Every structure is written in C-alpha cells, then in structure tokens.
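Heads up, the thing below is written out as structure tokens.
What follows is calculated from the coordinates using simple rules that are stated; it is not laboratory data. Source: prediction; values computed, not measured. No Cβ is skipped: glycine too gets one built from the backbone with ideal geometry, and neighbour counts run over all protein chains shown.
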Amino acid sequence: MNRKEFFARVGFGAAAILVPACIAGLATSCQSEGSPSVAPSNVDFNVDVSSGSLATNGGFMVSNGIVIARTLTGSYLAVSASCTHQGTNVNYDSTGNKFVCPNHGAQFSSTGAVTQGPASSNLKMYNTALSGNTLRIYS
Ligand code: FES
C-alpha cells in the first residue's frame, strides 16, 4: 500500500465512524439546531378563560402557535410562541411581565420586543379582547 492509498482508506474509515455517530445523535457537534417558525398570520380565535391557566393572574398557555398570558394585574397578552432564535416555545414570567425562552435564555418584553439575546428579532404581538369569559385573540 502506498501513502495515497493509506490516507484514502483512513479518511474513509473516519467518515464511516463519524456518520453513524451523527445519525445516532452521539456527537454533539453534529446535532442540528431548530429554527424559528413563522409567526402565525390571519389569527382570529377564542379561548375560554373561566378555567385553566388563564383563570388566574400570572397564568399562561400556548394555543395555535401563540402564547397567551394573564398579567398579575389581570390584563391579557398574546405574542407568537416560537422563539425567534431557534424556535423553542417561550414562557411567560409574570413577576417580570416578560417572555423568556427556556432554551438559551432570550427575553422579550410584554409586547414581544427583544430585551436579551441571543434572539435578535421580536415576537409578533396580537390583539386581545375580553367578552365575559371569552378572550378573542386576533391579528
Ligand atoms: S431558542 Fe435559543 S434563545 Fe430561544
């Protein structure tokens, strides 16, 4: 075996070891990251706030790709749920009245504006209107 043949075989051997590791998700450098989904458009739906997480101040839920939150003062917020960094659903932090991504720590104001990276784009904010126990979320 000459030098060229040796390196050709070693190179192929290394690839044969690494490719299955990537497929199995064993090599962290091979893992792919998620990507943010497009914020929902033409939104218009209702949720019942008489029970569940929106029945109490500080609660939140995700529906139709939108995180809907009830602030500690009882008003409602609605922003696109998918973090603009890599798509993880954000949570509502009622104490800070902000949205926080549990994945890499991005933070957004109550209106969806980025206040801390790594996200660089805002969440989309939606309108809310309460009628009795029915909360309308709309574009
Ligand atoms: S997915 Fe990375 S900060 Fe949200």
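Amide H contacts of Thr115 (H built 1.01 Å from N, in plane; Pro and chain starts excluded): Gln107, Phe108, Ser109 sit under 5 Å, all sequence-distant by 5 or more or on other chains. Each residue, Asn64 and Asn97, gets one label point 7 Å from its Cα in the Cβ direction; the gap between the two is 2.6 nm.
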